[in-house]
Each structure stands twice: as structure tokens, then as C-alpha cells.
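Q: Pasting in a structure now, in C-alpha cells, and then I'll have a few things to ask.
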Amino acid sequence: MATGPERREGMQADHTVHPNTAVVHAGHFVTPVNEGASPPLYQAAAYRFRDLAQVEEIYAGNVPSAIYGRYGGPNGAQFAGAIAELEGAQSAFASANGMSAIDAALATNLPVGAALVATRDIYGGTYELLMHEYAAPRAQVTFVDQSNCAEVEAALIRTQARVLYTEALTNPLMGVADIDALAAITKRLGVLLIIDATFASPALIQPLAHGADLVVHSVTKYLGGHGDVGAGVVAGREELIAPIREHLIRTGATVAHFDAWLATRGLRTLGLRMERHSSNANRVAAYLASVPAVLRVHHPSLASHAQHELAKRLYPQGTGGMLAFDLAGGRDGVDRFLRGLRRIAIVHSLGEVATTIGYSAVSSHRGLPAQLREELGVTDGTLRLSVGIEHCDDIIADLAQGFRS
């Protein structure tokens, strides 16, 4: 006999359900009245409605609810809410990856024919997005040295730009954006300031508190923290997040439920991880600066870094685990060094608990013209190191092994 959820109003009491029907509808999930100590995973692709009145109520956004995976789900909403809290934002929304978050922030704030000014020292994937999806004829894209505020302001005025796009800590050379100074310029000119803070995370800086309008993250990196998440997120004022949310829903680029659940779990240790990432990176940077085969180390903790004092002011708790260094011998020197490593893996991502290393010339900056890469300082000898949370002596010992090869 039909029982529980299989019993429908008007169904004959003596109707016997066929086994093929029973296996489809068998079992009834009961949501506990008391919450789990850890957030549950809602992996449903779609949700049931009680009646048409509830359909109208939910689609109108009058009650907390879920509709369909593309619209997001409870886990995505929880993660986005957590990021909004950590960033001091009115609202946030999570996407499928970091690039979709960047794209949504730009697509909803850069009308056709408008101008955008971006930092020259930019992640290669963002450069390719700007040049292939946003450059002429759709928009005018101008690159500037974000550390030169006079150059930034002149470019914004000359192009009548709608958006200034910068990175809090640039990828891979660890340039430090003076967010306070840039925000003062954009506020005076009525320009939207978007900051990619992936390298820093809200554990180290909250760009909105310094005057930015939107902050974006690749959640795959420090926010997830364990190399098992594909997601992005944008945070800011609700008036800016609302069109971003709709854009991501329309384009099907919302975060997957499981990735949102993993990212929320990763957030719980963000503060502890960033402390260790930062302290380890400071020690590794000092070690690399002492190695004769290393031509230059790019890390704000070093007095030789152009924005060392600015970094001390903006990042009193450290600048995370990222650094870059230029190795003598070009690509051949890089190849020999990488072959000598034993624990540090070649991984073209970053921000996980294990130390990894990447070669930007053939990965993140592969799409940039060689001359532009050289002008930026990303040479054939540049390596990007994501310093993990292992014991620092072991990280340095493995690097030393590479230099001996």
C-alpha cells in the first residue's frame, strides 16, 4: 500500500504501487528540528513546491528557498553569506570559479563602448579575458602601473573610464596596491573600484573597508584552502551584487553545491592557515634572497621590495604565502631546479595547504606576448611559489635540494 510521501490526496487506499514506482519514491528524508553541528550538504538539483501559491512566493523572493541548481542552493547561500560577513559587505554571491566572478563583476558594470583601466601587473587569465572579451570593439581597455597613482588618475580621466580593476597583491610578482589611495581617486572621479583579493583573503585585508566597491576572489585558492574546490565569489553593496547574481544565474555560472559546502568547511581554518602561510613565506623569502642562483625575490616582507613600507601598513599580519623569484639560467635553469625538488610539486594553482610551485611563462601568463611578459618582469626564469603550512625547515630543505641539482 502507498504510505508516507507516496500516498497522494485522492489516491485509492487499496492501490498497490508497482515495485518500479516504489523504488523511485521509497524513503522519506526528515529534516531534524535541531541543526547539525556542521552544515549539511544539499546536493539536490531541483526542489519541490507545495502548490502554485508557494511557487509564486518563492520565485518572487519573498521567503528563503531554493528552486534549481542554476539559481544556487542553501550551501552556496551559506558560503556567500559567510564571505559577506568576513568582507564587511552588504551582500555576496558565489560563482563556478574565479574567472566567472571577475567576468560577472565586469559584465554588469562595463557597458558596451565604455572604458576600463586595469593594472598592468595582472593575472594572465584576467589579461586574456580583458583582451578577448572586453577589448575593442566592446570596450576600451588601458593598462597602467597601479603603484603610480598619478598615472592611474591620468588614465581614468583621459579615457573617462567606468571601472578601475586592480589586484590587492598582484599575480605573480606580489605588487601591493595602495587601496586607500586608489579608492580616493575613484571616489573623486565617480569610477567603480574592483579589487581581486585572492592572494590576500579577508583574513589579511578587507578591501571594501579601504574604499573598494567590489572585491572578487578565486575561492579555489586560500578560501577553500585544500586544492579541492572550484569556485569564485564577489562581495559588495547589494545594488551591485543584485545584477551580478542575475548575470551568473542567466549564464549558468553559479557555484556547485558540493564546492560551496567544501569552501565553507575550508573557511573555518582560514585564520590559522593564513598565519602559517604568511610566517612561512617570510622565512622562505629571506632564505631565497640569500641564494646566489636567485637573481631577485618578489615578496613584500623584504626591505628590497618597492612597497615594503606600504605592505607593513596594509598587511600587519603578513601578506600570505605567495612569492616569486627569478632564477639564473632562464628556462634551462628552471628545468634543472624543478627536477631536483622532492616534495614540492609543480601545480599551476595556489593557496592550498601543501607548498607548490608554478612556472608562469608557460601557464598563467602563457597567453601574453613574450615582450609584454618581459616588460612586466615575468621572465623565462620567474617561478611562482605557493608556500604551504608544512614545517618551514622542510620547505627550505626541499628548495635547497632543487638548487643542488
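The values are calculated or read from the model by the stated rules, or taken from the named source; none is laboratory data. Remember, it's a predicted structure, so these values are computed and weren't measured experimentally. Cβ coordinates were reconstructed from backbone atoms using ideal geometry, including for glycine residues, and neighbour counts include every protein chain displayed.
Q: Checking the structure you have, find out if any residue of the stretch 143-150 is touching a residue at least 60 places away in the same chain (Cβ under 8 Å) and assigned by TED's automatic domain parsing to the domain that holds L204.
A: The answer is yes; a qualifying residue exists.
Q: Would you check if V353 is outside any loop (DSSP other than H, G, I, E, B) and touching a residue at least 24 places away in the same chain (Cβ under 8 Å)? Spell out how you get there, then give the answer.
A: On the way: outside any loop (DSSP other than H, G, I, E, B): no; touching a residue at least 24 places away in the same chain (Cβ under 8 Å): yes.
No: the conditions fail for V353.
Q: Next up: Show me the helices (runs of 4 or more DSSP H) entirely contained within the stretch 227-290 in which 2 or more residues are in the same structural domain as T319 (by TED's automatic domain parsing) and among the basic types (K, R). Spell out how you get there, then give the answer.
A: On the way: elements: 238-250, 257-267, 270-289.
Of the helices (runs of 4 or more DSSP H) lying wholly inside the stretch 227-290, those with at least 2 residues that are in the same structural domain as T319 (by TED's automatic domain parsing) and among the basic types (K, R) span 270-289.
Q: Here's something else I'd like to know. Please verify whether A256 is of a type in the set (A, V, I, L, M), surrounded by 23 or more Cβ atoms within 10 Å (Cβ to Cβ) and within 19 Å of Y42 (Cα to Cα), treating the condition exactly as stated. Break it down into steps so the answer makes sense when it comes.
A: On the way: of a type in the set (A, V, I, L, M): yes; surrounded by 23 or more Cβ atoms within 10 Å (Cβ to Cβ): no; within 19 Å of Y42 (Cα to Cα): yes.
So A256 does not fit the description; no.
Q: Let me ask something else about it. Can you give me the number of residues within the stretch 374-405 that are closer than 12 Å to A281 by Cβ and either surrounded by fewer than 16 Cβ atoms within 10 Å (Cβ to Cβ) or over 23 Å from the mean Cα position of the chain (by Cα) (or both)?
A: So the count comes out to 3.
Q: Let me ask you something else. Among the residues of the stretch 134-170, write down those that are over 23 Å from L189 (Cα atoms) and modelled with pLDDT of 95 or more.
A: L169, T170 - these are the residues of the stretch 134-170 that are over 23 Å from L189 (Cα atoms) and modelled with pLDDT of 95 or more.
Q: Among L376, L383, which is touching a residue at least 40 places away in the same chain (Cβ under 8 Å), outside the structural domain of Q206 (by TED's automatic domain parsing) and within 21 Å of H277 (Cβ to Cβ)?
A: On the way: L376 fails: within 21 Å of H277 (Cβ to Cβ).
That would be L383, the only listed residue that is touching a residue at least 40 places away in the same chain (Cβ under 8 Å), outside the structural domain of Q206 (by TED's automatic domain parsing) and within 21 Å of H277 (Cβ to Cβ).
Q: Could you list all residues from the stretch 179-198 that are within 18 Å of the chain's Cα centre (by Cα) and assigned to a loop (DSSP other than H, G, I, E, B)?
A: Hits for the stretch 179-198 are A197, T198.
Q: Still on this structure, please answer the following. Starting from residues that are farther than 20 Å from L110 by Cβ and surrounded by fewer than 24 Cβ atoms within 10 Å (Cβ to Cβ), keep the ones in the stretch 155-178 and report whichever is nearest to the chain's Cα centre (by Cα).
A: Per the stated criteria, the residue is L173.
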